[in-house]
1. Residue 116: accessible area at probe 1.4 Å, nearest 10 Å²?
2. Considering only DSSP beta bridges whose two residues both sit in the chain, what percent are antiparallel, to the nearest 5?
3. Send over the semi-axes of the range 210-320's equivalent ellipsoid, whole angstrom and largest first, taken as the square roots of 5 times the C-alpha gyration tensor eigenvalues.
4. Find how much the distance from residue 41 to residue 261 grows on full extension, using 0.36 nm per residue of separation minus their present alpha carbon separation; answer in nm with one decimal.
5. Strictly greater than 18 Å: what percent of every Cα pair in the range 348-474 meets that?
6. Using the Cα atoms of the chain, I'd like the radius of gyration and the largest Cα-Cα distance, Dmax, both in angstrom.
7. Compute and list, largest first, the equivalent-ellipsoid semi-axes of the range 88-191 from the alpha carbon gyration tensor, each √(5λ) rounded to a whole angstrom.
8. Please name which of 17, 111, 92 has its Cα lying farthest along the dipole of the range 6-115 towards the positive end, using unit charges on Cβ (Lys, Arg +1; Asp, Glu -1) and the Cα centre as origin.
Amino acid sequence: MNDMSGPAGAIAAAASGADRLEEKIVRIFGNMAIDKRRLPMSQLQRRGIPAYVAEWVLESVVPGSGPITREEGDKVKEWASRNIPGPGDQNTIKSRLLRGETVRLLNPLQVEVILKRSRQEQVAKLSLLGIDDALISDETVKSFPSLLKEGMWGVVELVNTSDGVAVTNFRPMQATVNLTLFKQARAEFTLEEWRSLMVLSMGYNPAGYTPEQQLLLLSRLVPIVQKNMTLIELAPKGTGKSYVFENVSPKVRLVSGGNISPAVLFVNNSSGQWGLLARFCVVVLDEVQTLKFERPEEIIGGLKGYLANGRITRGGLYETASDCGLVLLANILLDTQQRPAIDPLVKGLPGFMQETAFLDRVKGIVPGWELPKLSTRSFAVSSGLKSDFFGDALVALRDDLSADQYCVQNIKLKGSNPYRRNEESIASIASGLVKILFPQAMPGERDFWRFCVKPAIKLRQLVWDQLYQLDGEYRQYEAQLSCGFGDE
């Protein structure tokens, strides 16, 4: 008889547990689940489409589970070559339109309204085709209001007319948000199983991360479920800082490279077009050290005001409220012990972002240096939630205020004079973790402390350490953040 009590037995037990979890995920979520192995094998993301679109394509073209077969791979490749335009296909498609053909393509579609004295109209933008002035009907815009904000992915039908290219039909790819199903399903899973499901749905393999590292991964989702959440993640290259943000939802906008101006972030005073912070749920600035910021003093002034009161304004010409979150991703150098090699931690950020008045408004710093670099073992190898359903469920949780109210009422910092922003930040991060880990009901006090409050304190403590080091004004308060309960 084989001895199954050693390492081989542990591996077998883990594999058996993963199989049981996968069976449960598929049984409970049905067609809202997908085998996450199929996405990287399909090579669809090499065509520049995010996971929430690529998984929709897979389910439409080659539904099923298990590794993609050669025949399925060929079918997907052939479908993609016909329906997903590549960088070199723009002129070919425009030539087809010129010849009078009706063209159907999978494309992101966004609508801009132009209100000028000499020109008042709404135009459709198709970024993959280099078309920014297509005609589109009022009926289509009214049917899909998101076209006016972050835009939508879908199958677009185009024809050429005497007045220019026109969108004649649009079929969005979009999951139906069933937040009740999402919440009720939580009761069928243990906390460990649900945490693994969340990690799998992000595209990662939970077996490649410790429980503490899994919580750090999940903290990346907090700005999606929590309104007006501002986080910084500092990590070495290759830890997947931007991976989830570019693949989880069209309501999350990742900006990587290029120029960032006040018009891009806030509002274009010339056209009245609202910027990214007004149109998306989360804006992520990737590798902020390499971004070029135009008029940084105006950007930092606008950001400080926005992060303080949730209002976007520029020069007093336009003003609106927004609950958009902001995430700043930055690389950090490590020493031989794999700890940050710079002090203070924010030293690598652009100078204007190192101001304590700005940092104080950042709710937490995610210590990405505690996560392993991505490898083949890092990515999901079993079923998780479809990215479009998962992303939409996370966004829908933003309006679930019960967790916000509970955290505000129950999280109080120790000390005779606790700093208000510390308490607010910890409550906000903890509320986000409650929504992710316990969407169906508030957890017991022990789980609330261990999996929500304690990680929230950790993220805010890193911000507080920077403020404490950079500005003596903050040293009138306690250096170490702690609450009045839990196993501290």
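1. Looks like 110 Å² after rounding.
2. Working: 34 of 57 bridges.
The antiparallel proportion sits near 60 percent.
3. Details: eigenvalues 145, 47, 31 Å².
Whole-Å semi-axes of the equivalent ellipsoid: 27, 15, 12.
4. Full-extension gain reported as 75.4 nm.
5. Values: 5062 of 8001 pairs.
Above the 18 Å cut-off, the range 348-474 has 63 percent of its Cα pairs.
6. Every Cα atom of the chain included, Rg and Dmax give 23.7, 86 Å.
7. Working: eigenvalues 227, 65, 24 Å².
Square roots of five times the eigenvalues give 34, 18, 11 Å.
8. 92
The values are calculated or read from the model by the stated rules, or taken from the named source; none is laboratory data. Source: prediction; values computed, not measured. Note that each Cβ is placed from the backbone with ideal geometry, even for glycine, and that neighbours are counted across all protein chains shown. For accessibility, only protein heavy atoms count, side chains too; no ligands or nucleic acids. Shrake-Rupley method; radii C 1.70, N 1.55, O 1.52, S 1.80 Å.
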